[in-house]
Structure formats: C-alpha cells, structure tokens
There are 4 protein chains.
Amino acid sequence: MIIQIDKNCTVNQLVDINAALENIGFKGTKINTQFGQYIIAIGKREFDIRKIGRMQGIVDIHRVSDDFKLVSSKWKVGKTKIKIGTDNWVGDGHFQIMAGPCSIESEAQIDSTIAHLLANNVTIMRGGVYKPRSSPYSFRGLGQEGLKIFYKKCKEHNIKIITEVMQVSQIEPMHDYVDIFQVGARNSQNFNLLDELGKVDKPVLLKRGISGTIEELLQAAEYIFSNGNEKIMLCERGIRTFEGAYRNTMDLNAISILKEKTHLPVIADPSHGIGIRRFVPQIALASILAGADGLIVEVHENPEKAFSDGQQTLSYKEAEALYKNINATLELRKNLL
Amino acid sequence: MIIQIDKNCTVNQLVDINAALENIGFKGTKINTQFGQYIIAIGKREFDIRKIGRMQGIVDIHRVSDDFKLVSSKWKVGKTKIKIGTDNWVGDGHFQIMAGPCSIESEAQIDSTIAHLLANNVTIMRGGVYKPRSSPYSFRGLGQEGLKIFYKKCKEHNIKIITEVMQVSQIEPMHDYVDIFQVGARNSQNFNLLDELGKVDKPVLLKRGISGTIEELLQAAEYIFSNGNEKIMLCERGIRTFEGAYRNTMDLNAISILKEKTHLPVIADPSHGIGIRRFVPQIALASILAGADGLIVEVHENPEKAFSDGQQTLSYKEAEALYKNINATLELRKNLL
Amino acid sequence: MIIQIDKNCTVNQLVDINAALENIGFKGTKINTQFGQYIIAIGKREFDIRKIGRMQGIVDIHRVSDDFKLVSSKWKVGKTKIKIGTDNWVGDGHFQIMAGPCSIESEAQIDSTIAHLLANNVTIMRGGVYKPRSSPYSFRGLGQEGLKIFYKKCKEHNIKIITEVMQVSQIEPMHDYVDIFQVGARNSQNFNLLDELGKVDKPVLLKRGISGTIEELLQAAEYIFSNGNEKIMLCERGIRTFEGAYRNTMDLNAISILKEKTHLPVIADPSHGIGIRRFVPQIALASILAGADGLIVEVHENPEKAFSDGQQTLSYKEAEALYKNINATLELRKNLL
Amino acid sequence: MIIQIDKNCTVNQLVDINAALENIGFKGTKINTQFGQYIIAIGKREFDIRKIGRMQGIVDIHRVSDDFKLVSSKWKVGKTKIKIGTDNWVGDGHFQIMAGPCSIESEAQIDSTIAHLLANNVTIMRGGVYKPRSSPYSFRGLGQEGLKIFYKKCKEHNIKIITEVMQVSQIEPMHDYVDIFQVGARNSQNFNLLDELGKVDKPVLLKRGISGTIEELLQAAEYIFSNGNEKIMLCERGIRTFEGAYRNTMDLNAISILKEKTHLPVIADPSHGIGIRRFVPQIALASILAGADGLIVEVHENPEKAFSDGQQTLSYKEAEALYKNINATLELRKNLL
C-alpha cells in the first residue's frame, strides 16, 4: 500500500500513522522524492483500509498488488513526463530521440555529431565515456576528461547529453557534466548504484538487464524511485535468447507491457535490440508502434571506423532518413483507432 | 550451387551434368517443382564454375553459400508471390489478413465469422479442426467432418481457408477442403510432414518452432520446396524465452531478417506472439513495419467463450479497429524513405 | 481423478460410474492399457469423493492435482519397471545402458558394434535408420531395409535394439524389427505419433523436446499411456539455451525432478546433452547421481568417420572405461545416505 | 600472447620489448600479480614469435588463441591452487566445502552454524551481510557491523569466512574481516568491482552471471587477474532458462568445460543451481563428478525460518548426510578410469 503524506504532516501524525500500520501487521518505509513524500507499507494482502484511511497527515492511500509500488500504474494512473533541460520533455505524449556514437572518441567527433544533430532538430546526444567491455584489454572510454569536453561542447549548442555511469564513485564527479545518467544492462541490478542514483536530481535512463525480466526492471526502478528520484526512464534494449542470427532479441512485447504496468516513460534502443545496422530503422519504427516514448540510437560519421559497436551504428545519412520516418510514424500512431 | 535445368533438357544431358558435378566433387539432387527443375549440388565451397556453366541443358547456375538453397534470396533475388484462390496474392507487395477462431466450434460460429470477414473485406479465414493440445484430455478439434462444413460454408462466400495439418495421413483427405495448409510450431521440424507437403500443389504456411532458429525455419522450408512445392509462407509466432509476463516473445528481428534471407513471404502471428488480447493490435502493426507480408490473427465473436486461446483472441470490434489500422500502417510503410 | 476399474466391471456398472461423474461435474475418459483399465475424470478441484468411492466396479480412486494423471507419482507411488526382452528390466532399481552409433551405416558396422557390446555385457544397441536432419540434402538413414539387417544381426546375439520412429506410417512396418521405439526431441509433441505409439505393445523411449518443459514431457507421456501403453521411458537429452560453448545444456535438475514427479524410468543422453566427446563420460556419471535409470550413449568404432554426430560419439575404448565407471557409480549411489 | 617477464628485467629491456611488440603490430599491457609480471600483447593472430622470443628480460612466451589470456589453460597448463588461511587449499586436487546461511541473522545463528561446521570438519563458513534483493523493501543484510561479529566469532574457531561484496566502497572496510570475497551473479560483469578486487590480496569467488556465458565468466576473471590478483575461484550457480519447474538450471556442462578451459578452481553452488532443498544433495554430488573443486551450500538450523532462501537451504541433518556423501563421491572420482 502507498500512503501519500501531506506536506504539512507533523512528526506526531507520522508516528501515529506508523503505529496504526504496525497494528494491522504492516511495515512502513518512508520515502521522500523530488515531488512528494510517501509511506510504502508492506504486509498482508487483506486488511481494512478504513483503519488507516482517515488519519490526519494522509492525502491519499492506494492498494498496489504489484511487488513494485511507486513505479506501478496501479498507483499513479497518469503518465509521468520528465523534463530534459528547460523546455524539453519525455513521456506522456512527448517523444525524444537520443542519438550519437557508442563511444566518445575525439573533439572532432563530438563537433561532427553536434552538427548532425542540430541539422535534424535532435536535442539529446548519447555517447559513452565509461565503457563496460567484456575484455579488460579493450578500449574503455575517455573517462572524466572526455566527459567534460563532451558536455561543454554540447552545452554551447543547447544539446543535452546522456552518458553511462558505471559505479557509485563516478556519480559525484559526473554530476555537473551530465543531463541524463544512463545505467547499462550489466548494471541493471547493481542495487548500490541504483540507490545512489535515487538521491540525485537528474533523470536516469535504466536499461533492462540482458536477461532481466520485466518485473525485475520495474523493481530496479523502484530502487531509484524509493530513494527519492522520480525522474526515471526505462529502456528495452533486447534480451539474450537462443537465436544467433542477430545480437539480441528486441522484445517489443516488453514495451507494450511496460507501458501498461508503469507510468514511467519507456525508451527503445533498436541499435542493441537487433545489433545489425541495416535493420535498425525498421525495428526503431516498430518500437514506436509498440508504444515507445523515445529512441536511443547509435550514430557515427563513419560507422566502419567507430571504436565500438560499428556494426550496429547508423551513418548520418541513414539516421536522417530514420528521423523523418519517426515523425511520420508518430503521426500515424496518433491517428490509430 | 543451384543449377536451373532447361525444360527441354534431355536425359543424356542430365547424365552429363551429373557426371561433371561428380567430377568436381559435388553431389547433385534433382528437384522438380511446380515452376521449374533444378539440381541442388552440395560440395566444396571452392570450384571453377566454368567447368559446369556452359553445359547443354543448363539455363543458369548460382552459388549459394547458405545451407538452405532454393529458399535463399541469394539464389532468387525477386520476391515470391503466392496465389490464393483465383485473384488473390500474398507476398511481393501483396498483403493478406487471415482471421478467425483458434478452433472451429460450430456451424453458427463459422457463419458468424464469415459475416464478420465479409463486412471487413478479409478473404482468408483461419480455424483449426485438428488441434495440437498439451493434454490428451483437452478438446482436440472437430476433425475431418468439421473441415468439410468449414470449407463448404467459406466457399459459398469465396472466402479461402487456412487450417492446420498435423500428420501425413491427414493430407489426402484434407486436400480438397483446404486452400492453405498450416504447419504448426510443434511440427516445424516434422520432416516427413514437410516432405509430403512438398508434393502437394497448395500453399503451405510454415510456423517457426517454439525455439526454432531462423536457420532451422529456412531449412524446414527447404524440405517443402525441394520436394516440389514453391508456394511457402513463413510465419513468426513468438519464441520461448525466460520472460513470463506474456505467452511467447514475438521476435520482430526475425521478420526483418527473414525478409532479407529469403524470397518467400513472411506472415506475423501476433496472437501467439504475445498471447494477451489487448496487446495484439499494436504488435500486429509493429510487425508490419518490421516487414511482414501478412497477418494471421485469432478472432472470435465471444473470446471469453472460445474453446481455446480465448485470452489472446480479438472480439469482432477489436478486430475491425485493427483492420483499419493495418491499412493506414501499410500506407505509411509505402512512404517510408 | 483416476478411477481404477475392476477387471470384471460390467457395462451397466460403467454407465453408472459415468453418470455419477457427470453428476458432480466431471468428464470421464476411459483408458485401457496393457495392465489395467481406468477412467480419467477431469473436473473441478473440489468434490466429495465419497459420492463415487463406493460404487461397484471401482477398485480404487486417486485425486491427482497434476495436469498429467496416469504418469504422475501422485497416482502410482511405486516405480515402474519395464521389461526389455525376456530377462531384462529398466526402472525401479534396474539400470540399463543403450549404446551404439548415431546412424546405422553398414553390416560391418553393426557386427563391430555387437562385438563391442557383447564384450562389455551391454544388451541394448541404439542406432538410427530414420534420421531427422536439419537439411534435406543430408544423409537420412538406411530406412526399413537397414532396420531389418540391424534387427536380425542383433537378435542372433540376443541384443535388443532401440531405434527412432519418425512418423505414424513407420510404426507398423518397424514393429516386428524393434524392441524399443524411440521418439526424438523434434517429435516430442507430435501428438498423432504419440497416440499411435500408445496402441503398441512395445516400450517407448520419449525424448524431451529441445525446449520442452518438464510438464510438457510428462503430458506427452500421458498421451502414450492414455492410449494404452504403460511401457514408457523418459529421456533428458539437453535443452536449448543461450550458451554456445557446447551443443545443448544437459539439465540434470530435470532428471532429479522427473524422478519425483513420475513413476516412469528416466534415461540420460549425455551424448546430445553436452555434444562434445571428451566430456560425455563425466556428464554420464553425473546423471547417474542425479537419479538416472539408464543411459543412452553414442559409440562408434571410428567416431571421426561416423556418418553423423561423430563429434559427440565415444570410441570403443572410451566407452569401455565409461561402462566400468558406471558400475562403480551405481555402487556408490546405492550406499549414499 | 602472454610474455612472462623476468623478475630482474630492467626498464630498458621493457622498453625494447614494447618497441618490438609495436613493430609487429601488437599492443602490450603490463600486468603485475602477486606471483609474477607479464605483458599481455593483443594483435594479429599470425606473427613470427622468434622476433620476440629471444629478447632479454623475457622468461617465456605463449600464444593464447582465447580472448581471455591469463586465466586460460592454454597459457598455464598446471592447475591453480589457492591458499585459504594458513593450512587450507582449494583447487588442484584440494576440495573445499563452504557452508552456512544465505544471510547472517544473529549471533546465536552464527554460534549454531559454527558448532555445526566444527562437528563436521567444514572449515569455511558462508553468510551474507550485504544482500542483493530484487525489492528495495526486503531485508538487505546486517552490513558491516554484522560482518565484524561474523568474522570475530569464526576466527575464534579458525573457521574462514566467505561473504559477498557488492560495491567498490565496501572493499576497504570489509577487507580485514573477510577471508574470501564473493562476487554475486548480478555483479558478474561489474567491471569496476572486478578491477578493484584485482588489487586485493585475498581470494575472490566469482559467480557466473544469471545468463552469463562461459566465455564472459572467464573474461570477468581476466579483469581480476590482470589487475594483479591470481587467487580466483569460479562458481557455477545455475542459469536462467525457459524452464519454470525449479529456480535456475544448474549447468554441469559448464563445470566440465571450465575445468578444461582454465587453470582456476571451479566451485559448484547447488543451492541456487536448483533452488529446491530436497534436490540439493544429489545435484551437489553430480557436480563433483562433473569436476567441481568445491561446493558452496546454504545451511541453516531452521530453514523454514531463514530470512532468505529458506526453500533451498539444508537443515543441519541434511547437510551432515551430504558431507559424508561428498567424501565417498570424491573417493569414487579418484578411482575413475
């Protein structure tokens, strides 16, 4: 059960509420987010809600049968929209494209990508400076110094950036140079990282684990939310299956189901979702019809020379065609019965 | 290597060709289909094609590096279109909807479905009379008698029918009462059934196995084709994965990849692909953007009372909205860059 | 619910029983097997068993909450043992090795294998004459003629044979030349084949589907049993997963769980279970500790030259070491606490 | 290629070696571990080893075709044994049992477990103080304070402890209270954590990811090793598949294959590997025949009351039977042909 607490709730009222909860066999966890305060109470399924419902200090109470609570659409029926920068939104009807290279490689590459984005009215640039790599001997990104340059150049053109954070100790140094923190598939259940990102006032894009269930993804989001950060986007990026004809199995079912189960925006990553460049556009558009609120796509001036993920990265020309088709597909989606 | 044989090729010429093949270490298999005759020659990857290329009786030779040959788009670059009845096509730009109940249940149900299809210009009705069921104690379909009624009623309204054939001995009795034979996921590698369907002059819709790879699906189609039947549709219907939030994982990647690897039409089955009624329409439309040449969808007057698969079956009203959205989505697809 | 019917039950008594079942909302299916007659009654979970229990013609009644009934150990607590030939058993403490090549290739190969088996006191030979192959252009076995020679030669030395049946029409011609019918993984849910094998008075070894659940395997066995054949062995042969370092993932958990859920013998197939020759022996022995009642193993005089599956086939020398270790492992298993 | 560097290698010699590597198109990474110094050189597969082989400062050179290098048995043929405490070893013929509760719950529980271990000559106790939990509202362990008590009590009885570390910042405070650091399945590709554990002089037990490939597990170990820590144990704990009849699919194939591919010890975790208490012992013993160098098993005085994982935790009595059977199984393994 989620109990929404009044802003002016007194300490004594809180004590009373907790006592009442204990009385009916529930354990309450107090949550403060950017936008409100709640008590998440876990206990038996059957209880008499009237014993709590009219207490002072309480705005509202919801039963939530899901194991995830605050991210559940059983609690919050309306869709969440997240502010990116000053005038941009994602979710609740606002669609965003996040495009850029897998890895930030050089200043020239950043400049070139920015020019490409500006020419196409894309306002969020993706690009990794900390790269999780299977082998310790692979290129692992330009790190904090790369991030600073990446951020500075984008800021000059009012481009917002999204980049992966891999561990708790990176959060603080990265904080002032990041618009959206990305949590990668391998860290999807790195609960310490999720805890700490819950204390940050920046949006987080949380990728589904490579074999993470939809339920686990929502529970992971609950970690962030229950630590205080409501600004979460979920990302479907393909799952691991027996099929070897492509990199991952893009799970469009998951997008449809997430859109029902949660009020949070859902982003599709078709680049990892299929992993083969020439199929990325159609999987991207299909994701929109499945319900995606945005796309994160790998784009590079010269994919063959990209430091990583070149085989799934679009050229500028391919990306431009995609952007145009996104608008047409969004238009269609609006008009569907 | 695929050697296309001239219609007027003599026996002596064939003997010479086979001798020449043997000479370069190849083993030839002679194939006669509805539309041509070929020799599939399996052997070493490296050889001098000129030693065969100019022999008499040969129209054309193609190297095909795939393990499947005749169904490969490396051999046949143009897309295959299949005639359904006298004036209907599927494939190569022709899109078809196949709609109807999971199981044929009664005459009244057939009548009702036909009326629904006619009102919506759908010309192919699906419906099972032989039902593969996990438990031997479940309803297993109305069988041959049900089929005859199903076919007769549809024929009166020029509706074509598709229905599942489960074993070799059913092919002959079913033959005159079927427009398209369907091979279910569980029989996707029932090679004897595929062999025999290769000898029939009716289209076959071949479903991907529940954990069949794309390669295996194409090899299964090769069985049908190499026995003489070129009229094959492939069907993506979801695969088995670790995720339990829905019935199967609809694999849209597979649709995109199949459309590249083969010249055969690819049909999407969103009903089994997600298995939850309210999500079927969006997965259906997404499949179109991934490249599908048609849809097979479960529809029932009263899904809650369907003998089987009710939870993934659309009502008439839901189906009607879907049909309209299909047209709009096809329109969009045509205009994509 | 399973109702065991008295041998002398009259038709009138049967009518009464069925009426009583209908009365409490159950649907009965009459089953005659080699060893008894039963009514499988499917209906609501809750009912008053006394309303049926004391009727004439009934020996015994069991509630079985599993979806599979006759193969469930909730019905039959004691383990089933199956007679192979005149003096051999498998199950209920009797362990059997079935060894031989993947494919029967020649008379000389049969002779050589028989000599190997005789020298090692192995009394069942495996060998395929009908081979399911992914590609239609691969070797598909020596067929019925090969089977006759295979059987005749083994009979001379009192070796029993197990070989795969792929379709219904093969059952009759194969019947007199087979001691155990094998159903392959691809036919694990070929329900027509299972139905017909249920009418045969020869043991059947039923392999788990490549991605078949334990529940599905038991339901498939229920098909055979409910058609009249109680002589069923189940076989774990590895499942399809994401891992590509070996052929299949041998599922020893499944052996342990099957041994609890069913009274039928469970056979392990380590050759397909890992698919790499040098690891077959240790997986074979591990399977015994997990509870297997027997092993089916691929053995060939010269694995490198085998027509199929050579990479997972033991040489005679490797097989001999394995046989000796099997005995030691069985000895250990007997003495475990 | 792995180049083992002489202890007395001079800086100039190193410079020369690196220059020579660069000359043949290789990139070298210098590695210092507890036991030696190496250069891992990554480059083209084909090269003339004589151009490097006789240079001064080099002890030895190995070509390693695997993508993992220092953990590969292609480099180090002999098996690694790891010292646990002063007189205990694991690997290279030394077998260890690590037993204890999922979570450390109280002093009384520690005392009780120690008594159980002492009575059975088990010298390593497992027990979590930081618990990764799917839900943020679940019990997350007693933390650092719990660890101190856990360690102190065990030290009094010369019991060594293994416990999970979840993030980099825990390493330092945990360091003096831990004998073996455990990395959980969810952190199997937490590369920052692996990097830092590579700088610690304590053994690390690295669990396979829930859908991690064998190759990924070895690459993860390479992270630890290449940062300087050679004391690594790998742990198979079951993988995620489609099967729902148990918790995870214990992959015994992986144990056999790991034992060939790497010189590191391999530990089996049958508790998570099947997840059902009554089957744990047989999967444990089967793991030994598959090649395991040790077992990590969940044991609790009263499994039904355990804070977590009770359904897969053995009682003391069950554990005692298992321990005795382990010895008998090891005895058998020694005598296998």
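Assume the label is 7 Å from Cα along Cα to beta carbon: what separations in nm does C:D60 have to the matching positions in the other copies?
6.1, 6.6, 6.9
Using alpha-carbon positions, what is the distance between the centroids of segment C:301-334 and segment D:320-337, in Å?
22
For C:T29, what residues show an amide H to amide H distance below 5 Å, using hydrogens built from the backbone and excluding near sequence neighbours?
C:I40, C:A41, C:I42
Could you give the nm distance between label points at D:K27 and B:N32, where each point is 7 Å from its Cα heading toward the beta carbon?
That separation, rounded to one decimal, is 6.1 nm.
Sort shortest first the distances from A:G25 to its counterpart in every other copy, using label points 7 Å along the Cα-to-beta-carbon line, and give them in nm.
Label point to label point, same position, other copies: 2.8, 7.1, 7.6 nm.
Calculate one ³J(HN,Hα) per residue across segment D:89-96 by plugging θ = phi - 60° into the Karplus curve 6.51 cos²θ - 1.76 cosθ + 1.60, and present them in order as whole Hz with x for glycine and proline.
9, 9, x, 6, x, 9, 9, 10
When chain B is modelled as a GNM with alpha-carbon springs shorter than 10 Å, which of B:G310, B:G91, B:G143 fluctuates the most?
The residue with the greatest mean-square fluctuation here is B:G143.
In segment B:2-106, which GluC sites (Glu not before Pro) fall in coil by DSSP and have 15 or fewer other Cβ atoms within 10 Å?
Numbers: sites: B:E22, B:E46, B:E105; in loops: B:E46, B:E105.
The qualifying sites are B:E46.
For label points placed 7 Å from Cα toward Cβ, what is the shortest-first list of nm distances from B:E260 to its copies?
List, nearest first: 3.2, 3.3, 4.6 nm.
Quick check on my link table: of C:K69/D:K317; C:K81/D:K259; A:K81/B:K324; B:K153/B:K317; A:K79/D:K131, which ones sit more than 28 Å apart, alpha carbon to alpha carbon?
C:K69/D:K317; C:K81/D:K259; A:K81/B:K324; A:K79/D:K131
Please sort by residue number the chymotrypsin sites (Phe, Trp or Tyr not before Pro) in segment B:107-148 whose DSSP state is loop and whose Cβ has at most 15 other Cβ atoms within 10 Å. List each step's numbers first, then the result.
Numbers: sites: B:Y130, B:Y137, B:F139; in loops: B:Y130, B:Y137, B:F139.
Within segment B:107-148, the qualifying chymotrypsin sites (Phe, Trp or Tyr not before Pro) (loop, at most 15 other Cβ atoms within 10 Å) are B:F139.
Would you calculate the separation in nanometres between label points at A:S112 and B:V15, each defined as 7 Å from the Cα along the Cα-to-beta-carbon direction?
Label at A:S112, label at B:V15, 6.4 nm between them.
With respect to the axis carrying D onto C, what is the closest chain D residue by Cβ position, and how many angstrom separate it from the axis?
D:A286, 2
Provide the descending list of Cα extents for chain D along its principal axes, expressed in whole angstroms.
Rounded to whole Å, the extents work out to 64, 46, 39 Å.
I'd like the Karplus ³J(HN,Hα) series for segment D:199-208: coefficients 6.51, -1.76, 1.60, θ = phi - 60°, whole numbers in Hz, and an x wherever there's a Gly or Pro.
Ordered by residue, 3J(HN,Hα) equals 9, 9, 9, 9, x, 10, 9, 10, 7, 5 Hz.
Would you list, by chain and number, the aspartates and glutamates whose Cα falls below 19 Å from the Cα of A:K305, excluding same-chain residues fewer than 8 positions away?
Within reach: A:E105, A:E107, A:D111, A:E318.
Lysines within cross-link reach of C:K155: Cα-Cα under 17 Å, excluding same-chain residues under 8 positions apart?
List returned: C:K83, C:K202.
Running a GNM on chain D with Cα contacts under 10 Å, which residue among D:G184, D:G53, D:G85 ends up with the highest mean-square fluctuation?
Per the Cα network of chain D with a 10 Å cutoff, D:G53 tops the list.
May I ask for the angle, rounded to the nearest 10°, between helix C:143-156 and the longest principal axis of chain C, with both axes built from Cα atoms and the value confined to 0 to 90°?
90
Using only Cα atoms, find the angle between the long axis of helix D:280-290 and the longest principal axis of chain D, and express it within 0 to 90 degrees, rounded to the nearest 10.
The helix D:280-290 is inclined about 30 degrees to chain D.
Grab the DSSP H runs of chain B that are 4 residues or longer, score each as -39,500 (n - 2.57), total them, divide by all residues and round the 222 nm result to the nearest 500 deg cm²/dmol. Walk me through the numbers on the way to the answer.
Values: 11 runs with 118 residues, N = 337.
Value at 222 nm, helices only: -10500 deg cm²/dmol.
Would you please classify the overall shape of the protein assembly as shown from the alpha carbon gyration tensor, given that a ≥ b ≥ c denote the square roots of the eigenvalues, rounded means a/c under 1.5, and beyond that prolate means a/b larger than b/c while oblate covers the rest? Don't jump to the answer; show the numbers that get you there.
Working: a/c = 1.25, a/b = 1.16, b/c = 1.07.
Verdict is rounded for the protein assembly as shown.
Filter the trypsin sites (Lys or Arg not before Pro) in segment D:195-289 down to the DSSP loop ones having no more than 13 other Cβ atoms within 10 Å, then list what survives. Please report the intermediate quantities before stating the final value.
Details: sites: D:K199, D:K207, D:R208, D:K231, D:R237, D:R240, D:R247, D:K259, D:K261, D:R277, D:R278; in loops: D:K199, D:R208, D:K231, D:R237, D:R240, D:R247.
Passing sites in segment D:195-289 are D:K199.
Around A:L206, which amide H atoms from residues at least 5 apart in sequence, or from another chain, sit under 5 Å from its own amide H, with H modelled in the peptide plane?
It is A:V183, A:M233, A:L234, A:C235, by chain and number.
For D:M125, what is the net charge nearby, where nearby means another residue's Cβ is under 14 Å from its Cβ and Lys, Arg count +1, Asp, Glu -1? Before the final figure, lay out each step's value.
Values: positive: D:R126, D:K152, D:K153, D:K155, D:K160; negative: D:E105, D:E107, D:D111, D:E156, D:E164, D:D179, D:E298, D:E301.
With Lys, Arg at +1 and Asp, Glu at -1, the neighbours total -3.
Once phi is turned into θ = phi - 60°, what whole-Hz ³J(HN,Hα) does the Karplus curve with 6.51, -1.76 and 1.60 give for every residue of segment A:308-325, x standing for Gly and Pro?
Values, residue by residue: 7, 6, x, 5, 10, 9, 7, 6, 4, 5, 5, 5, 4, 4, 4, 4, 5, 5 Hz.
Given a Förster distance of 56 Å, report the FRET efficiency between B:K148 and C:K155 from their Cβ-Cβ distance, rounded to the nearest 0.05.
Working: r = 47 Å, r/R0 = 0.83.
The formula returns an efficiency of 0.75 here.
Gaussian network model of chain C, Cα springs within a sub-10 Å range: biggest mean-square fluctuation belongs to which of C:H175, C:H272, C:H157?
Greatest mean-square fluctuation among the candidates belongs to C:H157.
Every number in this text was worked out from the coordinates using simple rules, so none of it is lab data. Since this is a predicted model, take the numbers as computed values, not measurements. Please note: Cβ atoms are built from the backbone with ideal geometry, for glycine as well, and neighbour counts cover all protein chains shown.
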